[in-house]
1. Quick one: how many residues across region B:226-253 are among the acidic types (Asp, Glu) and surrounded by 20 or more Cβ atoms within 10 Å (Cβ to Cβ)?
2. Has region A:33-43 got at least one residue that is closer than 25 Å to A:SER222 by Cβ and at pLDDT below 90?
3. Could you list, in sequence order, the residues of region A:174-197 that are within 10 Å of chain B (Cβ to nearest Cβ), of a type outside the set (Val, Ile, Thr) and open to solvent by 10 Å² or more (accessible area, probe 1.4 Å)?
4. Looking at A:ILE242, A:ILE225, A:ILE211, A:ILE193, which one is without any contact (Cβ under 8 Å) to a residue 40 or more places away in the chain and in contact with a strand residue (DSSP E or B) (Cβ under 7 Å, 6 or more places away or on another chain)?
5. Among (1) surrounded by 14 or more Cβ atoms within 10 Å (Cβ to Cβ); (2) hydrophobic (A, V, I, L, M, F, W, C); (3) in contact (Cβ under 8 Å) with a residue 12 or more places away in the chain; (4) out of contact with any helix residue (DSSP H, G or I) (no Cβ under 8 Å at 6 or more places or on another chain), there is one condition A:VAL108 misses while meeting the rest; what is its number?
6. If you scan region B:258-278, which residues turn out to be at the interface with chain A (Cβ under 9 Å from one of its Cβ atoms) and more than 24 Å from A:LEU140 (Cβ to Cβ)?
7. Is at least one residue of region B:137-158 in a strand (DSSP E or B) and out of contact with any Gly (no Cβ under 8 Å at 6 or more places or on another chain)?
8. Within region B:95-116, identify whether any single residue is under 24 Å from B:ALA205 (Cβ atoms), open to solvent by less than 40 Å² (accessible area, probe 1.4 Å) and β-branched (Val, Ile, Thr), and answer yes or no.
Amino acid sequence: MSAPVLSIRNLNIDYIGAEANFRAVKDVSFDIAPGEFFGLAGESGCGKSTIAFAVSRLHRPPALIRTGSEILVDGRDVLELDKDALRRFRWREVAMVFQSAMNSLNPVLTIEAQFYDVLHTHKGMSREAARERAAELLKLVDIPPDRLAAYPHQCSGGMRQRIVIAICLALNPKLLIMDEPTTALDVVVQREILQRIDVLRKRLGFAVLFITHDLGLMVQVSDRIGIMLEGELVEVNDAQTIYRSPQHDYTKRLWASMPKLHGDQIRPEAGA
Amino acid sequence: MSENQPILALDNVSKIFGRANQPIYAARSVSFGLHAGRTLALVGESGSGKTTAARLIMREYHPDEGRLLFRGEPLGKASAKAIKAYRASVQMVFQDPFSSLNPAHTIRYHLERPLRLHQRQLGGSERRAAAEALLERVKLDPKLIMGKFPHELSGGQRQRISIARALAVNPQVIVADEPTSMLDVSVRLGILNLLNDMKKQDNLALLYITHDIATARFVAEDIMVMYAGQIVEWGAMDSVLDHPQHPYTRLLLAAVPDPDRRFDAAQPGELEQIETIRRQSALPQPDIQQVGENHFIRPIPDMVLG
């Protein structure tokens, strides 16, 4: 395997409390190779989003990353970056699609203005150059360039989500973090978007950190999967192994809680 | 009441929004019946009209065409008393357990209020006992839960409260609109199992509305697929899921996450084909075709049955 694009070592994150601290992430270590689609699964509160935020240092107090933790992006420790370096690092190396990302567009700005914002700030592009680049980026996600003049409310949810992804790809990041990117969309649109991401990462070569609690979906799109339980990474393996021969008891129980579309229905015992 | 008479039925119901010269059919000629002891799943993507169907049943919307039948009687011009009886018989469990409970009131209030309104004969101590029995039915401990406020409970616990509240008035029909979509996968099954148990114990007729077809299969015997206000395919669950006949149903099923199939890149022309299916499925289709013992579709033009 070539040098990993993201390497997390002994990551410990606490939420500081008045009386006691809550350890949300417990000694987590994993790598993501360039171009790899890595899935992180677990239920709400297991710490998966906390990790996502920490990777681009977007975590806020009371979250505190403990000393001894390492987050290396392309060999550089993100936790060591000063303010200016961090500004250059975010979006250029690691871009993030948030959960409800379709609501993260500014409702009073046109799509073009939101592209310009990123392209001007990070690359100093002029309006004209930014418009051209934005049109190219929209084409990547199958949106006609005439939508640049539209406002977010004039686009459907799936379209807005694809626009956010296009903005994320504006600076050719090495890693795209997607935190439950399609939870608010219905299955047909969800499939279209993930197919699109899969094609783009193969063409452009970025890696993906994909976070969801939908294990079935995750197995379909990911190369490797990590399963989290109460802040710990309990199992990491390639997607098919996680599906066909899960090792950890919790992974097995997660599978047992997913109803099936065809064949024998699961019959979990009461209280499972 | 005969075996085949549904407790509640929509008979050719349409609900129209928009202007007269540009009507938008949120529901178009929708017909189905809910039977005691059975669960009917209504599936479709957002905007397909699932929630409009629920609102028509709950009488939040009134049909622009067609009739709502309760025990065979049309409900259009029923008396206020009959409407109140209807409300006690038909209850709803909402999608979002975080906003469907009043944050300013305790769980006791939520459970005793429907009893106070619909079972006036109960005295204070009887009402308290009834509320406790309701919590026990949904497998929550009254001693721990009764005095709590909604924000002190988890999403799954809150959804159990919603179910208990719906059961308070001894309903015959429960409409559950995406009751598990905001819950973690690990607690979803508990809620679905609870709905199933209640259905069996009380011989309830259940309408389960969802976009998650796998959970629909878990709880329901029958299924309807809705798109653009029309029910495009319906029938026995496994017949529809294993042998879908309508192109839209096939499209929907192909998009359901399935770990046995890896995502492939869209084939050339695939997106156009999806658009064609969507466009044609949205046109009014008055014909109904039987394709199996208990399996029907509204065919679209040029459809090849396979």
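1. The number of residues fulfilling the criteria is 1.
2. Quick first cut of region A:33-43, residues closer than 25 Å to A:SER222 by Cβ only: A:33-43.
Subset that is at pLDDT below 90: A:42-43.
Yes, some residue in region A:33-43 is closer than 25 Å to A:SER222 by Cβ and at pLDDT below 90.
3. Answer for region A:174-197, where residues must be within 10 Å of chain B (Cβ to nearest Cβ), of a type outside the set (Val, Ile, Thr) and open to solvent by 10 Å² or more (accessible area, probe 1.4 Å): A:ALA184, A:LEU185, A:ASP186, A:GLN190, A:ARG191, A:GLU192, A:GLN195, A:ARG196.
4. Details: A:ILE225 fails: without any contact (Cβ under 8 Å) to a residue 40 or more places away in the chain; A:ILE211 fails: without any contact (Cβ under 8 Å) to a residue 40 or more places away in the chain; A:ILE193 fails: in contact with a strand residue (DSSP E or B) (Cβ under 7 Å, 6 or more places away or on another chain).
Sole residue among the options that is without any contact (Cβ under 8 Å) to a residue 40 or more places away in the chain and in contact with a strand residue (DSSP E or B) (Cβ under 7 Å, 6 or more places away or on another chain): A:ILE242.
5. (1)
6. Within region B:258-278, B:ASP258, B:PRO259, B:ASP260, B:ARG261 qualify.
7. Here is the first cut: in region B:137-158, the ones in a strand (DSSP E or B) are none.
Looking through region B:137-158, none of the residues is in a strand (DSSP E or B) and out of contact with any Gly (no Cβ under 8 Å at 6 or more places or on another chain).
8. So far as region B:95-116 goes, no, none of its residues is under 24 Å from B:ALA205 (Cβ atoms), open to solvent by less than 40 Å² (accessible area, probe 1.4 Å) and β-branched (Val, Ile, Thr).
The values are calculated or read from the model by the stated rules, or taken from the named source; none is laboratory data. No experiment lies behind these values; they were computed from the predicted model shown. Using ideal geometry, Cβ is built from the backbone for each residue, glycine included, and neighbour counts are taken over all protein chains shown. Protein only, heavy atoms only, side chains kept; ligands, DNA and RNA dropped before computing areas. Shrake-Rupley method; radii C 1.70, N 1.55, O 1.52, S 1.80 Å.
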